[in-house]
Structure formats: C-alpha cells, structure tokens
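Visitor: Provided herewith is a single structure, encoded as structure tokens, for subsequent inquiry.
The values are calculated or read from the model by the stated rules, or taken from the named source; none is laboratory data. Keep in mind the model is a prediction, meaning the values are calculated, not measured. Counting neighbours? That spans all protein chains shown, and the Cβs are built from the backbone with ideal geometry, glycine included.
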C-alpha cells in the first residue's frame, strides 16, 4: 500500500524526479504569470527561456547536459582507447545555442 511507504521509497517506486518536474513547472508558471499580468494589467511581457546554451568554458562531465556528456565520453574513450558508445535511438530532436550568439541576440532585443 502507498500509505505504508516512506517518501523516498514512494519516489523510487513512482519514478518521480522532483527536480526535473520543478524545473519544467517553473518555466511553465513563468509563462502563465506573464499572460495573467498581460490580461489583468495590460502589460506586454516577454518570457525568455534560454535553454541548452553551450560555451567555450563548459566543464565536461559524463553526467552533465547532453553535449557536454557526449564530448566528455568521446574524449574519455579516445584517451582510454576504448569504443565510444552512444546510447539511444538518435530520434530525439534538440536545439542548442552557442553562448556568445545568445548574448548578441539578447542585446539586440533590449537595445
């Protein structure tokens, strides 16, 4: 029964990842808040949600974001002379942005 499970057991059993859900929920709430202010006060807000930003000073971690992780795993495979293995089907589509390009874009928006 669910009532008898401790919180951490429940989280594992239901495979709930609160941090990931909170991140997505926060982004959605920002959009809802902006629309509410627009409707109630007539303010024209813009919501900017930069995601998957890459730059020259990325810290390469095998458990990090997708591009960092792939580069780190490729380098580790090359250094250890082991096969480089990419998991997954390759079907997900993601967009990435180079940090200096994003800064230029934001500056142009606010100029």
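Visitor: Which ones in segment 59-69 are without any contact (Cβ under 8 Å) to a residue 12 or more places away in the chain and touching a helix residue (DSSP H, G or I) at 6+ places or on another chain (Cβ under 9 Å)?
Guide: 59, 61, 63, 64 - these are the residues of segment 59-69 that are without any contact (Cβ under 8 Å) to a residue 12 or more places away in the chain and touching a helix residue (DSSP H, G or I) at 6+ places or on another chain (Cβ under 9 Å).
Visitor: So which residues in segment 30-46 are under 26 Å from residue 103 (Cβ atoms), exposed (fewer than 12 other Cβ atoms within 10 Å of the Cβ) and at pLDDT 80 or above, if there are any at all?
Guide: Selection gives 43, 44.
Visitor: For segment 52-69, state whether one or more residues are loosely packed, with under 11 Cβ neighbours inside 10 Å, closer than 23 Å to residue 105 by Cα and assigned by TED's automatic domain parsing to the domain that holds residue 104.
Guide: Checking segment 52-69: at least one residue is loosely packed, with under 11 Cβ neighbours inside 10 Å, closer than 23 Å to residue 105 by Cα and assigned by TED's automatic domain parsing to the domain that holds residue 104.
Visitor: Checking residue 8 against (1) surrounded by 10 or more Cβ atoms within 10 Å (Cβ to Cβ); (2) modelled with pLDDT under 80; (3) out of contact with any strand residue (DSSP E or B) (no Cβ under 7 Å at 6 or more places or on another chain), only one condition comes out false. Which one?
Guide: Just one mismatch for residue 8, condition (1).
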